[in-house]
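Encoded as structure tokens, the structure appears first; notes follow it.
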Amino acid sequence: MPGRWGVGLLIAAAGMAFAPTQAPAQDFYAGKSIDFIVGHYVGGGYDIYARAVARHLARHIPGNPTIVVRNMPGAGSAKAGLHITHTAARDGTVIGAVTPGAIMSALLDGRSDSTFDPTKALFIGTANYGTRICVTMKDAGLQSFNDVLKRKTVIGSAAINDGTHDYAFMVKNVTGAQLSIVTGYKGTSDIGLAMERREVDGACGWDWASFKSQRARWLKDNLANVHVQIGHDPDEELTSRGVPPLWNFIKSDEDRKVVEPITGQQVFHRSYIAPPACLRRSSRRCAPPSWRR
């Protein structure tokens, strides 16, 4: 159960990060609140996970502050990342949830002062190791990924840096799948509604854990076909359902080299970060002295 263990380890790590010394931290946090900035829309997988973590996090921080979840979607969560690293208070009252796509894109594409720079953030931990899937509604008539390779399949996706965008294009480019990718949806919750309305056939890059939570009825009532799983290692549950790994459909070594660093992001699938450490003791936005190491 990587998700369950991941959340537990994250909470423990956050508790240590927010409490280097017990008494001063307890005095500092008593009666205060911590803003939990989620770089995605309400109802999506990142929002669901963040709210689950927030529900338990306060009791692991001395002083038991209130945790307030605030959604700040935009640019595949890079907007939230920029806020956390450039604008948010640096006194331990702000943490954030960002996508691995936002982190990797910033590292690989070059940066300026106006973009999210993940090297300036303090990384608290990750909630889970993720496996992503490509899925279509049953009535789309696509029984297996071989059908997706041969027939036009309309796929809904969110913005760049989001898994539903980046993974859909990756699958299309490395397998030759006949994907027609429609961008502009707010996230998997929005894409799921579009699938039910038959605006699109399906989605690629949907996190399996989120899918099971958001669309449990689809699985129970056999309304959807999961065509392929995407990750470094096979997911036991998906394998037991007969869902093949993406690696089975990648023919060239060059394409495998492209996919490996992308799926490597899933090791830090749901990253939680804090603003950078203070550089000036006189800054009003700096943490109390007991935090400095």
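The values are calculated or read from the model by the stated rules, or taken from the named source; none is laboratory data. Just so you know, these numbers come straight off a predicted model, no measurement behind them. Every residue, glycine among them, receives a Cβ derived from its backbone with ideal geometry; neighbour counts consider all protein chains shown. SASA here: full protein model, heavy atoms, side chains in, ligands and nucleic acids out. Shrake-Rupley method; radii C 1.70, N 1.55, O 1.52, S 1.80 Å.
Summing Lys and Arg as +1 and Asp and Glu as -1 over all other residues whose Cβ lies under 15 Å from the Cβ of Glu199 gives a net charge of 0. With a simple spin-label model that places each label point 7 Å from the Cα along the Cα-to-Cβ direction, the separation between His86 and Lys152 comes to 4.1 nm. In order along region 251-257, the phi-based Karplus estimate (6.51 cos²θ - 1.76 cosθ + 1.60, θ = phi - 60°) of 3J(HN,Hα) comes to 8, 9, 5, 5, 5, 5, 5 Hz; Gly and Pro are listed as x. Other residues whose C-beta falls under 12 angstrom from the C-beta of Asn173 contribute a net charge of -2, scoring Lys and Arg +1 and Asp and Glu -1. The average projected area of region 166-221, computed from the convex hull of its Cα atoms over all directions, is 4.2 nm². Neighbours of Val68 by Cβ distance under 13 Å: Lys/Arg scored +1, Asp/Glu scored -1, total +3. Placing a pseudo-label 7 Å from each Cα along the Cα-to-Cβ vector at Ser180 and Arg241 gives an inter-label distance of 2.6 nm. Once backbone amide H atoms are built at 1.01 Å from N, Arg70 has Phe36, Ile37, Val38 as its partners under 5 Å, excluding neighbours fewer than 5 places away on the same chain. Full extension of the chain between Arg217 and Lys138 yields a length gain of 27.2 nm, computed as 0.36 nm times the residue separation minus the alpha carbon distance.
Stretching the chain fully between Val42 and Lys120 yields a gain of 25.5 nm (0.36 nm per residue, less the alpha carbon separation).
How many angstrom lie between the Cα centre of region 249-277 and the Cα centre of region 147-185? For region 249-277 versus region 147-185, the Cα centre distance is 17 Å. Legend: distances between Cα atoms for Lys152/Lys220; Lys138/Lys212; Lys172/Lys220; Lys172/Lys257; Lys186/Lys220; Lys138/Lys220; pairs beyond 20 Å are Lys152/Lys220; Lys172/Lys220; Lys186/Lys220.
Here's the picture: charge each Lys and Arg Cβ at +1 and each Asp and Glu Cβ at -1 in region 21-96, and of Tyr49, Ser33, Pro65 the one pushed furthest to the positive end of that dipole is Tyr49.
Each residue of region 58-72 was assigned a 3J(HN,Hα) from its phi angle through the Karplus curve 6.51 cos²θ - 1.76 cosθ + 1.60 (θ = phi - 60°); the sequence is 4, 6, 9, 10, x, x, 6, x, 7, 9, 10, 7, 10, 8, 9 Hz, with glycine and proline shown as x.
Under a 5 Å amide H cut-off, with hydrogens placed 1.01 Å from N, Ile124 pairs with Tyr272, Ile273, Ala274 among residues at least 5 apart or on other chains. Only Cα pairs under 8 Å and 6+ residues apart enter the sum, and on that basis the relative contact order of region 25-108 stands at 38 percent. Note on Asp255: accessible area approximately 50 square angstrom, rounded to 10, probe 1.4 Å, nucleic acids and ligands left out.
With R₀ fixed at 45 Å, the C-beta to C-beta distance from Glu254 to Arg51 puts the FRET efficiency at about 0.65.
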